[in-house]
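The values are calculated or read from the model by the stated rules, or taken from the named source; none is laboratory data. The structure displayed is predicted, hence computed values, not measured ones. Cβ placement follows ideal geometry from the backbone for every residue including glycine, while neighbour counts extend to all protein chains displayed. Protein only, heavy atoms only, side chains kept; ligands, DNA and RNA dropped before computing areas. Shrake-Rupley method; radii C 1.70, N 1.55, O 1.52, S 1.80 Å.
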Amino acid sequence: MDLVDTLRNKIQALGDEECVPGLKAVLLHIETAFRHLSRGQENGEDTAFTDSIYRTNQAFEGSVKEAYRVLAGKDPGRKNPYEIENYLEKNSVFKPRVLSQLTTYRTEWRNPSTHDYKLNFDESEAFLAIVSVSAFSCLLLDQITERVAYNTAQAEAERELQAAIQRISIARTTGLLEWVAELCLHFLPHSEVDMRSGPARRQAQFFGGLAGYMAGVAPDLAIQAPSAFGRMSSDFLIVHGDDRVVVETKSRYDLEMFRWALTRIQELLGVYRGKVTKGVIILGLEGDMKPLRLPTDVLGAEVIVLMPADQSVPEELLTRFSQRSLL
């Protein structure tokens, strides 16, 4: 295995992250250490081996500083190596195998060469130092890469959430029905419903997840437990002041399920007897969804259907419902 190529590839994978210039400097120190080792082997210059270790020391300290920058989220510019290493150890920032390599290099190479200016190293010691610091840097780069990926994903999620909040806020100005539909539309991609579970468990998972999502992006809305009218009850109600939207959910979309959901929401709105005149039908709890606002003459009420983005609704089905509206 070519350690230098391995390190170079790991650094390139980080793109233009803030830590990359420092990590490239680490790579340069290791490359120079290899050149010193070769010079000593080819020309018999014993001092070259000690020069090699001085370079690996620079690579070691540079690696630790960039780890501090990424893993601790702090600027290493005004910290000395002891302060940085002490922080990383005391706060358990390093994974065990990375910490083991740090301890090995520090105790066997960095500390002796730093504190004893008369110390000289031979070829074997220089070779081991290079391998040791290279192994440490490789392991550290893996941990840095993992953290960078985590930070990137977290930032994307936050940006997505902010964008969703903005769209939900815009929908809020058009009325509770549009507000609820937009909330559900943005929640569905984040829903963790186990489609293999039974209907009751799926509904509980969806109900709980939506309630948690709403608490974060629309805390002034409330989800009420199903309200029963005889044997009829909705999945749940979303309430804002005196305004209410009834929500009916189905785990999948097909024409028969769509027909059943329309019948169900029509009957529910009928038994609410004017107390609730808006409804959202959700057909499918995963995948890309789109909103379909039904003409008011279909059910005699305001209803938005969230359905798979690649599906369409036959016009004759809506026509049949508009001709026998219960409201």
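If the condition is being more than 20 Å from residue 128 (Cα to Cα) and in contact (Cβ under 8 Å) with a residue 24 or more places away in the chain, then segment 21-31 contributes 22, 23, 25.
Do we find that residue 34 is farther than 23 Å from residue 78 by Cα, touching a residue at least 40 places away in the same chain (Cβ under 8 Å) and open to solvent by 40 Å² or more (accessible area, probe 1.4 Å) in this structure? Spell out how you get there, then give the answer.
On the way: farther than 23 Å from residue 78 by Cα: yes; touching a residue at least 40 places away in the same chain (Cβ under 8 Å): yes; open to solvent by 40 Å² or more (accessible area, probe 1.4 Å): yes.
Here the answer is yes, as residue 34 does meet what is asked.
On the basis of being of a type in the set (Phe, Trp, Tyr) and at pLDDT 85 or above, does residue 109 make the cut? Criteria not met by residue 109.
Check off (1) in contact with a helix residue (DSSP H, G or I) (Cβ under 8 Å, 6 or more places away or on another chain); (2) open to solvent by 70 Å² or more (accessible area, probe 1.4 Å) for residue 269 and give me the number that stays unchecked. Among (1) in contact with a helix residue (DSSP H, G or I) (Cβ under 8 Å, 6 or more places away or on another chain); (2) open to solvent by 70 Å² or more (accessible area, probe 1.4 Å), residue 269 violates only (2).
Would you say residue 224 is at pLDDT below 80, within 30 Å of residue 26 (Cα to Cα), open to solvent by 50 Å² or more (accessible area, probe 1.4 Å) and out of contact with any Asp or Glu (no Cβ under 6 Å at 6 or more places or on another chain)? Reasoning before the result, please.
Working: at pLDDT below 80: yes; within 30 Å of residue 26 (Cα to Cα): no; open to solvent by 50 Å² or more (accessible area, probe 1.4 Å): yes; out of contact with any Asp or Glu (no Cβ under 6 Å at 6 or more places or on another chain): yes.
Answer is no for this residue.
Within segment 248-265, can one find any residue that is over 15 Å from residue 177 (Cβ atoms), free of Cβ contacts under 8 Å to residues at least 12 places away in the same chain, open to solvent by 30 Å² or more (accessible area, probe 1.4 Å) and part of a loop (DSSP other than H, G, I, E, B)? Within segment 248-265, one or more residues are over 15 Å from residue 177 (Cβ atoms), free of Cβ contacts under 8 Å to residues at least 12 places away in the same chain, open to solvent by 30 Å² or more (accessible area, probe 1.4 Å) and part of a loop (DSSP other than H, G, I, E, B). When 42, 18 are checked against the criterion of being open to solvent by 30 Å² or more (accessible area, probe 1.4 Å), more than 20 Å from residue 135 (Cβ to Cβ), modelled with pLDDT of 90 or more and in a loop (DSSP other than H, G, I, E, B), 18 stands alone in meeting it.
Sub-8 Å Cβ pairs linking a first residue in segment 162-185 that is among the basic types (Lys, Arg) to a second residue that is open to solvent by less than 40 Å² (accessible area, probe 1.4 Å), at least 6 apart or interchain, are 167/186; 172/179; 172/218, ordered by first then second residue.
Would you check if there is a residue in segment 65-73 being surrounded by fewer than 17 Cβ atoms within 10 Å (Cβ to Cβ) and either among the aromatic types (Phe, Trp, Tyr) or not in a helix (DSSP H, G or I) (or both)?
Residues of segment 65-73 surrounded by fewer than 17 Cβ atoms within 10 Å (Cβ to Cβ): 72-73.
From what's left, either among the aromatic types (Phe, Trp, Tyr) or not in a helix (DSSP H, G or I) (or both): 72-73.
The answer is yes; a qualifying residue exists.
Would you say residue 3 is under 36 Å from the mean Cα position of the chain (by Cα), touching a residue at least 60 places away in the same chain (Cβ under 8 Å) and closer than 14 Å to residue 136 by Cβ? Break it down into steps so the answer makes sense when it comes.
Details: under 36 Å from the mean Cα position of the chain (by Cα): yes; touching a residue at least 60 places away in the same chain (Cβ under 8 Å): yes; closer than 14 Å to residue 136 by Cβ: yes.
Spelling it out, residue 3 is indeed under 36 Å from the mean Cα position of the chain (by Cα), touching a residue at least 60 places away in the same chain (Cβ under 8 Å) and closer than 14 Å to residue 136 by Cβ.
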